Amino acid sequence: MSKHYKEYTKSEKISEGEFKSNIFNVNYFITYDSDIKDLLKNIEKNSDPRNFKEALLRINQLYYDGLIELEKQENWEEQEEILKKLINTSSEFIGQFYRNFNYVPIKKTREIILPLEESLIKYSSKLKAKPRHLSGEECNIRDFANNLEEKLKHENIDLIIPIMSGGFEPAALLKDWLAIDQFLPIRYSSRTKKDDSVLVPALAPEDYIKEQIKGKNILLIDDIKASGKTLHDVNQFLKQNFPKKIRCEIVKP
């Protein structure tokens, strides 16, 4: 581990001033021509918090894209178990990164992610990770989470739904900070020709979405607002599955 970063102990948040004045001194050199194998090597060898975080985010992106793209019958139970491990591990890391990036669970995260390497390579998209609108926007993401954490103190949220892949980082951060167990990624925008509908893992059971949404208070998170079509269409899709309430939040409205 780099000498600049200490072994993980869950710590209190550093101040906004300290976060903003020091975050850009943290190394950041991942390129976007990385595939799943490159990203796993980064997790194995890299100890710089921002790079490690970016590798985790892109692994989540490629794995979820892969689950959507699958056409042949595979083991959904195994895929879902890996997805949950990936989400929970990433959420813990991202939550601590935004509390205090000097104390991040790099060793613990490696111990969970690296044994999954064979399955991650098998099920992940074979394409390269795509750019994210919020890449390098840590200060905006932290401000968003701080403000929302305060707003939601007296509101009961049962389930967080990020719109992949841009909504994943702020959603994973809030999953950790708000201690919300239930987390359901969905995708709307795609690099394929399927941009006009909400996408979920291809082999998930027919009631996969409804089972998790019905009767729940939902926090729906996206990265940026362009035309508003994404949030509108996703919101309409979710309503078809009978949630109790949907609260929509955008990092950069």
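The values are calculated or read from the model by the stated rules, or taken from the named source; none is laboratory data. All of these numbers come straight from a predicted model, not from anything done at the bench. So basically every Cβ, Gly included, is an ideal-geometry build from the backbone, and we count neighbours across all protein chains shown.
Some observations on this one:
- Count - residues of the stretch 174-224 that are modelled with pLDDT under 95 and among the aromatic types (Phe, Trp, Tyr): 2
- The stretch 83-99, residues that are surrounded by fewer than 19 Cβ atoms within 10 Å (Cβ to Cβ) and touching a helix residue (DSSP H, G or I) at 6+ places or on another chain (Cβ under 9 Å): LYS85, ASN88
- Those helices (runs of 4 or more DSSP H) of the stretch 95-160 in which 3 or more residues are among the polar types (S, T, N, Q) and on the phi < 0 side of the Ramachandran plot occupy 138-151.
- Residue within the stretch 73-87 that is charged (D, E, K, R), at pLDDT below 95 and within 25 Å of TYR188 (Cβ to Cβ) present: yes
- Lone qualifier among ASN51, ASN75, ASN46 - being outside the structural domain of PRO170 (by TED's automatic domain parsing) and under 16 Å from LEU116 (Cβ atoms): ASN75
- Residue pairs whose Cβ atoms lie under 9 Å apart, sitting 6 or more positions apart in sequence or on different chains, and linking a residue in the stretch 196-222 that is free of Cβ contacts under 8 Å to residues at least 60 places away in the same chain and not assigned by TED's automatic domain parsing to the domain that holds LEU83 to a partner that is charged (D, E, K, R) and assigned to a helix (DSSP H, G or I), are ASP196/ASP233; SER197/ASP233; VAL198/ASP233; TYR208/GLU80.
- In the set (1) modelled with pLDDT under 95; (2) of a type in the set (A, V, I, L, M); (3) buried (at least 16 other Cβ atoms within 10 Å of the Cβ), LEU159 fails one condition alone, (1).
- The residues in the stretch 34-81 that are outside any loop (DSSP other than H, G, I, E, B), farther than 21 Å from ALA202 by Cα and hydroxyl-bearing (Ser, Thr, Tyr) can be counted, and the count is 0.
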